[in-house]
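The values are calculated or read from the model by the stated rules, or taken from the named source; none is laboratory data. Because the structure is predicted, anything quoted here is derived from the model rather than measured. Ideal geometry is used to build each Cβ from the backbone, glycine not excepted, and the neighbour counts take in all protein chains shown.
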Amino acid sequence: MNRNKWFFLIIAGTLWSAILFGAGWLGRTALTRIEAARSATAAQNAPSSNLLLDEVWRHVQASFVGTVPSDTVRNYGEIRGALATLNDRWTVFVEPQPRAIERDHMRGQFGGIGVSIMLDSSGRILMDPQKGSPAEKAGIQKNDMLIGIDGMLLPDKADFNAAAAKIRGEPGTPVRLTVQRGGQRLDITVIRATIDVPSVDYRIISPTHAGGPVIGYIAIHQFTERTGGEVKQAIIALRQAGSQAFLMDLRDNGGGLLNAAVNVASRFLKDGVVLYEVKRNRADATFPVTKVTAVTAYTEPLAVLINGNTASASEIVAGAIQDYKRGELIGEQSYGKGSVQSIYDLSDGSSVHITSAKWLTPNKRAIDGVGLTPDIVQKRAEGEASQNRDSQLDRAVAELARVTAAR
């Protein structure tokens, strides 16, 4: 075969290979485009989650044998269901009425009549007026059964939160309560006033023996906007009464506002960090001891009572005191809620609480799901409350007496 024929065959083979390669590439490209078009069409034809929910709801409205709830109730249910997929018990939706009550408790005051309401075993609402409150002055008595508000009778097993919200209102405005008292039905009009909700109780515990210390007892029930100022007043009053040591009672304190916890801790810690916050994709946030300008208790012996219901903000305070060895924790393992919820108020008065951070003690101990272990474990025996006994308190008093005597 001559040289020209070889050259022709080589060129022809090269062209054929190029044609085959190009055909394969074009074919793959075409297939890719066809698959992409099919996927896009399928995506367009697939129902969105909202459309699917609407489709389900149309079937409910057409077929459900019971009462179909309102759109508002349905929307609230959708929100709760969506939040449940996060598998976080503290990320929750709160409806408008309980949110209003919650907000008032965090402020530490509200417009109302000064009455505690509770449900009995039959679902009836019973009232107990606070001493000196507008409710007591108007004639409301303990165990009066609330059956109507402003001329509207309540349904059987009435909504507790709805009733509480209707009783509250602007100070100076009236509310007419219909109550059942024995065989009598009474209409009682009460003028609302500003009701303060103290978060702190305090008193002096006298020496249990000759030469023992005078102890200032401060019980913090919740951390609200008022708590820092109330602890300040407690320290002043107890010192004036001769207090030589302090006993902080955080038992059954479920928490509250972070800033209030930092303020309280700062009255007993001279410097340092109260807690660290760990957030997603952010550097840890540091919450230092606040430089409180007056009324601190840096030097007196201190003990802190905790139990299984000591949680969240109260664990922040107790954990900081324990880490700095400022005082001993006495009682039982705390609850272990080491997370922070950001509260977002929504347009209809409801709110969503979203777990946005975990917190750590000054020594960077994680508390969430673990809790704080007391320095001195002291359990309360069953029946102590009914016998007016408190072995945890007694143990704390004894420990403070020992520490004070050793100084």
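Give me the residue from the stretch 48-80 that is of a type in the set (Asp, Glu) and under 24 Å from residue 96 (Cα atoms) and, out of that set, modelled with the lowest pLDDT.
This residue is 71.
Per-residue answers, yes or no, for (1) assigned to a loop (DSSP other than H, G, I, E, B); (2) of a type in the set (A, V, I, L, M); (3) assigned by TED's automatic domain parsing to the domain that holds residue 226:
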| residue | (1), (2), (3) |
| --- | --- |
| 104 | no, no, no |
| 116 | no, no, no |
| 123 | yes, no, no |
| 136 | no, no, no |
| 141 | yes, no, no |
| 148 | no, no, no |
| 172 | yes, no, no |
| 180 | no, no, no |
| 190 | no, yes, no |
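Collect the residues in the stretch 284-304 that are within 19 Å of residue 237 (Cα to Cα) and acidic (Asp, Glu), keeping them in residue-number order.
If the condition is that a residue be within 19 Å of residue 237 (Cα to Cα) and acidic (Asp, Glu), then 300 is the only one that fits.
Which numbered condition in (1) modelled with pLDDT under 95; (2) crowded, with 24+ Cβ neighbours inside 10 Å; (3) among the β-branched types (Val, Ile, Thr) is the only one that residue 306 fails?
Going through the list (1) modelled with pLDDT under 95; (2) crowded, with 24+ Cβ neighbours inside 10 Å; (3) among the β-branched types (Val, Ile, Thr), residue 306 breaks only (1).
Residue by residue, here is whether (1) surrounded by 11 or more Cβ atoms within 10 Å (Cβ to Cβ); (2) free of Cβ contacts under 8 Å to residues at least 40 places away in the same chain; (3) over 29 Å from residue 181 (Cα atoms); (4) in contact with a helix residue (DSSP H, G or I) (Cβ under 7 Å, 6 or more places away or on another chain) holds:
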position	(1), (2), (3), (4)
62	no, yes, yes, no
65	no, yes, yes, no
81	yes, yes, yes, no
136	yes, yes, no, no
139	yes, no, no, no
157	yes, yes, no, no
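Conditions first: (1) at pLDDT 95 or above; (2) more than 17 Å from residue 222 (Cα to Cα). Residue 342 passes all but one, so which condition is the exception?
(1)
Restricting to the stretch 160-192, give me the number of residues that are in contact with a strand residue (DSSP E or B) (Cβ under 7 Å, 6 or more places away or on another chain), more than 17 Å from residue 97 (Cβ to Cβ) and not charged (D, E, K, R).
Residues that pass the stated criteria total 12.
Table: residues versus (1) surrounded by 22 or more Cβ atoms within 10 Å (Cβ to Cβ); (2) among the small types (Gly, Ala, Ser); (3) without any contact (Cβ under 8 Å) to a residue 40 or more places away in the chain; (4) under 29 Å from residue 172 (Cβ atoms).
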{"position": "203", "(1), (2), (3), (4)": "no, no, yes, no"}
{"position": "209", "(1), (2), (3), (4)": "no, no, no, no"}
{"position": "213", "(1), (2), (3), (4)": "yes, no, no, no"}
{"position": "222", "(1), (2), (3), (4)": "yes, no, no, yes"}
{"position": "226", "(1), (2), (3), (4)": "no, no, no, yes"}
{"position": "232", "(1), (2), (3), (4)": "no, no, no, no"}
{"position": "238", "(1), (2), (3), (4)": "yes, no, yes, no"}
{"position": "243", "(1), (2), (3), (4)": "yes, yes, no, no"}
{"position": "247", "(1), (2), (3), (4)": "yes, no, no, no"}
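Would you be able to say whether some residue in the stretch 273-288 is crowded, with 18+ Cβ neighbours inside 10 Å, in contact (Cβ under 8 Å) with a residue 40 or more places away in the chain and out of contact with any strand residue (DSSP E or B) (no Cβ under 6 Å at 6 or more places or on another chain)?
Checking the stretch 273-288: not a single residue is crowded, with 18+ Cβ neighbours inside 10 Å, in contact (Cβ under 8 Å) with a residue 40 or more places away in the chain and out of contact with any strand residue (DSSP E or B) (no Cβ under 6 Å at 6 or more places or on another chain).
What residue, among those in the stretch 378-404 that are closer than 16 Å to residue 309 by Cβ and of a type in the set (A, V, I, L, M, F, W, C), is surrounded by the fewest Cβ atoms within 10 Å (Cβ to Cβ)?
Selected residue: 385.
What about residue 264, is it among the β-branched types (Val, Ile, Thr), under 26 Å from residue 90 (Cβ atoms) and out of contact with any strand residue (DSSP E or B) (no Cβ under 6 Å at 6 or more places or on another chain)?
Against the criterion (among the β-branched types (Val, Ile, Thr), under 26 Å from residue 90 (Cβ atoms) and out of contact with any strand residue (DSSP E or B) (no Cβ under 6 Å at 6 or more places or on another chain)), residue 264 qualifies.
From 135, 165, which residue is touching a Gly at 6+ places or on another chain (Cβ under 7 Å), farther than 30 Å from residue 296 by Cα and not β-branched (Val, Ile, Thr)?
Of 135, 165, the one residue that is touching a Gly at 6+ places or on another chain (Cβ under 7 Å), farther than 30 Å from residue 296 by Cα and not β-branched (Val, Ile, Thr) is 135.
Has the stretch 197-204 got at least one residue that is under 21 Å from the mean Cα position of the chain (by Cα) and at pLDDT 95 or above?
Yes, the stretch 197-204 has at least one match.
Considering only the stretch 75-109, state which residues are of a type in the set (Lys, Arg) and within 26 Å of residue 253 (Cα to Cα).
89, 99, 103, 107
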